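The values are calculated or read from the model by the stated rules, or taken from the named source; none is laboratory data. Treat the numbers as computed from the prediction; the structure is a model and nothing was measured. A quick note on method: Cβ atoms are made from the backbone with ideal geometry, for glycine too, and the neighbour counts reach across all protein chains shown. Please note that ligands, DNA and RNA were not included when accessible areas were found on the heavy atoms of the full protein model with its side chains. Shrake-Rupley method; radii C 1.70, N 1.55, O 1.52, S 1.80 Å.
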Protein chains: 2
Amino acid sequence: MSILGIDIGGTKIKYGVVKSDGTVSHFSNIDFTTDVTASFLRIKDTTQGFKYKKVGICVAGDVDNKKGIVRFSPNLNWKNYDIRSAAEKVFKKPINVENDANAASFGAHVLDTKMRFKNLICITLGTGIGGGVIVDGKLYRGSTGSAGEIGHLTYIPEGIICSCGNSGCFERYIGRDGVIALAKRKIQSRNSQILKLINGDIDKITPEIVTVAALKNDRTAVEIWTEIGKILGVLLANLVNLLNPEVIVLTGGLSKAGKFLLVPAVAEMKKRAFKTPSEKVKVIISSHQEHLGVVGAAFLSKHTKV
Amino acid sequence: MSILGIDIGGTKIKYGVVKSDGTVSHFSNIDFTTDVTASFLRIKDTTQGFKYKKVGICVAGDVDNKKGIVRFSPNLNWKNYDIRSAAEKVFKKPINVENDANAASFGAHVLDTKMRFKNLICITLGTGIGGGVIVDGKLYRGSTGSAGEIGHLTYIPEGIICSCGNSGCFERYIGRDGVIALAKRKIQSRNSQILKLINGDIDKITPEIVTVAALKNDRTAVEIWTEIGKILGVLLANLVNLLNPEVIVLTGGLSKAGKFLLVPAVAEMKKRAFKTPSEKVKVIISSHQEHLGVVGAAFLSKHTKV
């Protein structure tokens with residue numbers, strides 16, 4: 001049975017027809033617009049040739065999975081938006097709605113680990129730091145569907161104020177803005193290749209540029225990812241000591257730093273976490289980043305009564 | 001069906017016959033000795049009049065539940081000790097072995113919340129800070145049975161070195177020694193009632209004495225518990241943002257500080273955690289502390305194939 005998966009983000013809507021083995025046909029994307037019905041109609045149109053029995057949607061925001069509504073999405077500017085009804089009207093099929101990081105986690109469970117592990121944590125490393133927790137092969141939603149706010153664990157109790165209201169969340173230090181802020185501090189007194197790549201305009205620094213410089217063996221760039229990796233390692237150690245997962249999958253734009261991020265993160269985790277669970281856990285970077293949301297949304301609609 | 005529950009700690013072995021409604025008959029305790037077989041024989045002897053079909057044991061240490069062995073217990077000085085075989089020889093019944101904090105968590109699920117909630121976290125506040133996670137009404141063990149090391153999440157990344165090898169674990173700040181260290185610092189320049197209670201001998205400070213002083217409205221004592229509570233609140237916020245539980249149960253010696261600890265902890269949690277999950281979660285102090293391990297060990301043996 002194929003399922004249509006739709007991943008609604010702040011700039012793009014990705015979609016594709018997902019088969020029961022996790023492969024995706026007709027994977028494509030359109031720009032996000034506020035006219036959701038028009039977007040759904042266009043997706044329906046371009047997937048006409050494919051048969052699917054259900055539609056699984058994931059959205060960047062706080063989702064009430066039972067009611068099928070988006071409680072709040074600052075990125076999409078939605079509040080209590082009944083996306084399930086909007087989708088039902090267009091597709092005339094059962095609709096399931098999930099948070100995007102939760103869907104990505106289930107996508108990682110399907111694509112990166114072929115469902116071989118029962119307990120998995122996925123961390124999405126981007127502008128925000130999010131994630132999801134798979135327990136016993138099922139998505140763990142918690143009591144109000146809010147579980148998995150991994151980026152809002154506290155790193156520095158009296159640290160930088162976070163948009164969530166807390167102080168010192170991991171997201172402030174290892175999210176996109178945290179990486180940029182650290183890079184700006186680091187290159188000020190250095191002769192780094194990063195400066196050449198941005199033509200001396202410090203406001204043009206991005207995590208991607210830091211990675212490009214690291215690949216050219218720029219010492220400052222490697223140091224930036226090493227520091228970020230060490231902070232990520234504290235977070236990994238927290239997760240390992242609390243939840244003892246079999247695997248942790250990293251995804252999102254920042255995970256493209258690859259070994260520059262992964263190696264120091266795992267080293268710091270092993271330094272900090274208990275021996276038995278930290279030797280057991282595999283920490284990997286997803287090889288299926290583009291598809292995670294679409295595939296996860298589709299698979300979660302399969303496991304949910306609609 | 002009644003089950004014999006046995007809770008083996010560093011100084012005492014508690015036991016009792018647990019009925020299917022969680023009530024305990026013949027609850028008693030004996031001193032811990034290294035001659036486990038002698039202890040089991042004595043327990044068998046004193047519970048002769050009661051019928052039970054299984055024996056559930058919990059132990060302060062790292063337990064391999066599948067093999068029924070204690071991998072490591074620094075308190076009891078055991079390493080790879082086959083406690084299941086030792087118990088089988090005496091009781092001639094199916095035996096299940098658990099970690100004591102995990103058993104206490106399941107005990108809290110049975111006794112404090114009458115199994116009304118699917119997702120519960122229990123935190124044991126004593127010399128060590130431990131705990132357990134109940135997901136979907138079942139004990140969550142993780143991939144090597146190591147889940148629930150709540151006290152070894154990091155509070156201060158470059159903080160006090162912990163016995164576990166990490167730096168800055170919550171246990172170092174809000175465990176028994178952390179409370180005593182804070183109390184010693186706080187009373188040095190103060191005219192606190194604590195000083196009277198210990199006859200000026202600063203080495204006699206205990207958390208219990210701080211609570212006695214707090215009950216007499218001693219300002220310093222109240223401040224000590226408020227500071228400890230705030231740190232506990234950071235930990236609670238981490239758990240709420242990550243796992244979105246319906247209830248968090250506090251138990252262990254330090255939880256006897258009651259409102260002096262609970263009120264600032266919950267206030268700090270609400271300040272830090274996401275609104276929806278922090279409004280939903282109930283944080284309570286267990287009313288069944290003495291029985292949690294025995295009842296949890298008994299109930300977990302019921303849910304485990306033996």
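Count, please, the residues in the stretch A:126-180 that happen to be of a type outside the set (Gly, Ala, Ser), open to solvent by 30 Å² or more (accessible area, probe 1.4 Å) and either touching a Phe, Trp or Tyr at 6+ places or on another chain (Cβ under 7 Å) or more than 9 Å from chain B (Cβ to nearest Cβ) (or both).
Total satisfying the criteria: 12.
Given (1) buried (at least 22 other Cβ atoms within 10 Å of the Cβ); (2) in contact with a helix residue (DSSP H, G or I) (Cβ under 6 Å, 6 or more places away or on another chain), identify the lone condition not met by B:LYS230.
Of everything listed in (1) buried (at least 22 other Cβ atoms within 10 Å of the Cβ); (2) in contact with a helix residue (DSSP H, G or I) (Cβ under 6 Å, 6 or more places away or on another chain), B:LYS230 misses just condition (1).
Quick check, is A:GLN193 away from chain B (no Cβ under 14 Å), more than 24 Å from the chain's Cα centre (by Cα) and closer than 15 Å to A:PHE260 by Cβ?
So A:GLN193 passes the test.
Given the structure, is A:ARG190 at pLDDT 95 or above, among the charged types (D, E, K, R) and open to solvent by 10 Å² or more (accessible area, probe 1.4 Å)?
So A:ARG190 fails the test.
From the list B:LYS51, B:LYS79, B:LYS14, pick out the single residue that is at pLDDT below 95, open to solvent by 10 Å² or more (accessible area, probe 1.4 Å) and either part of a strand (DSSP E or B) or within 14 Å of chain A (Cβ to nearest Cβ) (or both).
Selected residue: B:LYS79, the only one of B:LYS51, B:LYS79, B:LYS14 that is at pLDDT below 95, open to solvent by 10 Å² or more (accessible area, probe 1.4 Å) and either part of a strand (DSSP E or B) or within 14 Å of chain A (Cβ to nearest Cβ) (or both).
Tell me, please, whether a residue that is within 30 Å of A:PRO245 (Cα to Cα) and touching an Asp or Glu at 6+ places or on another chain (Cβ under 9 Å) can be found in the stretch B:260-273.
yes
Suppose we filter the stretch B:115-132 for residues that are within 28 Å of B:THR11 (Cβ to Cβ) and either in contact with a Pro (Cβ under 8 Å, 6 or more places away or on another chain) or basic (Lys, Arg) (or both); how many remain?
Qualifying residue count for the region: 2.
Do you know which residues across the stretch A:17-45 are open to solvent by less than 70 Å² (accessible area, probe 1.4 Å), more than 21 Å from A:THR113 (Cα to Cα) and either modelled with pLDDT under 95 or not in a strand (DSSP E or B) (or both)?
Answer for the stretch A:17-45, where residues must be open to solvent by less than 70 Å² (accessible area, probe 1.4 Å), more than 21 Å from A:THR113 (Cα to Cα) and either modelled with pLDDT under 95 or not in a strand (DSSP E or B) (or both): A:PHE32, A:THR33, A:VAL36, A:THR37, A:ALA38, A:SER39, A:PHE40, A:ILE43.
When the stretch B:21-77 is examined, which residues are found to be among the hydroxyl-bearing types (Ser, Thr, Tyr) and closer than 12 Å to B:GLY5 by Cα?
Across the stretch B:21-77, the qualifying residues are B:THR23, B:SER25, B:SER28, B:THR47, B:TYR52.
Going through the stretch B:283-297 one residue at a time, which ones are over 21 Å from B:VAL59 (Cα atoms), open to solvent by less than 50 Å² (accessible area, probe 1.4 Å) and more than 14 Å from chain A (Cβ to nearest Cβ)?
B:ILE285
Being outside any loop (DSSP other than H, G, I, E, B) and buried (at least 22 other Cβ atoms within 10 Å of the Cβ) is the filter; apply it to the stretch A:266-282 and report the residue that is farthest from the other protein chains (Cβ to nearest Cβ).
In this case the residue turns out to be A:MET269.
Within the stretch B:194-205, count every residue that is open to solvent by 60 Å² or more (accessible area, probe 1.4 Å) and either outside any loop (DSSP other than H, G, I, E, B) or under 16 Å from B:TRP225 (Cα atoms) (or both).
Looking only at that region, the number is 4.
Do the conditions hold for A:ALA87, that is, is it open to solvent by 10 Å² or more (accessible area, probe 1.4 Å), aliphatic (A, V, I, L, M), away from chain B (no Cβ under 12 Å) and assigned to a helix (DSSP H, G or I)?
no
Being under 21 Å from the mean Cα position of the chain (by Cα) and of a type outside the set (Asp, Glu) is the filter; apply it to the stretch A:196-213 and report the residue that is farthest from B:ASN238 (Cα to Cα).
A:ILE209
Within the stretch B:247-265, how many residues are of a type in the set (A, V, I, L, M, F, W, C) and assigned to a helix (DSSP H, G or I)?
7
Quick check on this structure: which one of A:GLY258, A:GLY252 is over 19 Å from A:ARG190 (Cβ atoms), out of contact with any Cys (no Cβ under 9 Å at 6 or more places or on another chain) and crowded, with 23+ Cβ neighbours inside 10 Å?
A:GLY252
If the requirement is being more than 15 Å from B:VAL210 (Cβ to Cβ), within 16 Å of the chain's Cα centre (by Cα) and within 14 Å of another protein chain (Cβ to nearest Cβ), which of these qualifies: B:VAL247, B:VAL240?
Checking each option against the conditions leaves just B:VAL247.
Filter the stretch B:107-118 down to the residues that are buried (at least 24 other Cβ atoms within 10 Å of the Cβ) and either within 12 Å of chain A (Cβ to nearest Cβ) or under 13 Å from B:ILE174 (Cα atoms) (or both) and list them by number.
None; the set is empty.
Here are A:ASN102, A:ASN65: which of them is farther than 20 Å from A:THR37 by Cβ, within 14 Å of chain B (Cβ to nearest Cβ) and open to solvent by less than 10 Å² (accessible area, probe 1.4 Å)?
A:ASN102
With respect to A:GLY229, determine if the residue is more than 9 Å from chain B (Cβ to nearest Cβ), touching an Asp or Glu at 6+ places or on another chain (Cβ under 6 Å) and on the phi < 0 side of the Ramachandran plot.
no
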